[in-house]
Amino acid sequence: MSIFPGGAASGASSNDEMHRFVRGVTAIIWPRHPDLGAEAPAQLAARAILGMLTLDLSNQRAPRPSPERIDVNLTILAGRIEIVVPSGWGVRAGRMNASRGVKFRGLLGQPEPGVGESATQTCCIVVHVLGIGGVVSISRVR
């Protein structure tokens, strides 16, 4: 679970600046398709607990200043997380040691077709998974 400091009660001016860098979404039991905005955060924390969570990044642009990567931290407990990645964005596997019984489907660790090692990609997503049971599915928009 992620806890974000600030808010109206704490006297902080705004959480808008933090949302540019870190964004958290949760699906518990019911399916959820959150609107992530137009600009991708530098870090995305997503949790699916007995539910389905769809993260559609297909209409997003890389954050500015554009990092070389976006860390997507997934926590899953017998749920399902689907990530839709824009064409031109790379997908790599990060820390997976703390996942047991999680099935992976799709693009995890596969480069963009037609993009060579010397070519530059718009952005790279690094997926880290913590959890027990469930499915993580990653697909690309053509």
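Since every read-out is calculated from the coordinates, none of them should be taken as a lab result. As the structure is a computational prediction, the values presented were derived from the model and not from experiment. Heads up, the Cβs are rebuilt from the backbone with ideal geometry, glycines too, and the neighbour counts pull from every protein chain shown.
Can you tally the net charge around H128? Count Lys and Arg as +1, Asp and Glu as -1, for every other residue whose Cβ sits under 12 Å from the Cβ of H128. Walk me through the numbers on the way to the answer.
Numbers: positive: R69, R92, R95; negative: D71.
In short, +2.
Out of residues 5 or more away from R32 or on other chains, whose amide H comes under 5 Å of its own, with H placed 1.01 Å from N in the peptide plane?
Answer set, sorted by chain and number: M52, L53, T54.
Calculate, in nm to one decimal, what I28 and R105 gain on full extension: separation in residues at 0.36 nm each, minus their alpha carbon distance. Provide the component values of the computation, followed by the final result.
Details: separation 77, 0.36 × 77 = 27.72 nm, distance 2.13 nm.
Full-extension gain reported as 25.6 nm.
Could you list which residues have their amide H under 5 Å from that of A42, counting only those 5 or more apart in sequence or on another chain, with H placed in the peptide plane?
Hits under the 5 Å cutoff: F21, V22.
Tally Lys/Arg at +1 and Asp/Glu at -1 over every other residue whose Cβ is under 15 Å from the Cβ of K103; what's the total?
On the way: positive: R80, R100, R105; negative: E82.
Here the count lands on +2.
For A93 and E39 in the same chain, what is the full-extension length gain: residue separation times 0.36 nm, less their Cα-Cα distance, in nm?
Numbers: separation 54, 0.36 × 54 = 19.44 nm, distance 2.22 nm.
My answer for the length gained is 17.2 nm.
Tally Lys and Arg at +1 and Asp and Glu at -1 over the other residues with C-beta under 13 Å from the C-beta of I29: what net charge comes out? Spell out each step's value before the answer.
Numbers: positive: R32, R47, R80; negative: none.
Result for the local shell: +3.
Cβ neighbours within 10 Å, averaged per peptide: list 43-56, 93-106 in order, most packed at the top. Intermediate values should be presented prior to the final figure.
Working: 43-56: 20.3, 93-106: 13.8.
Packing order, densest peptide first, comes out as 43-56, 93-106.
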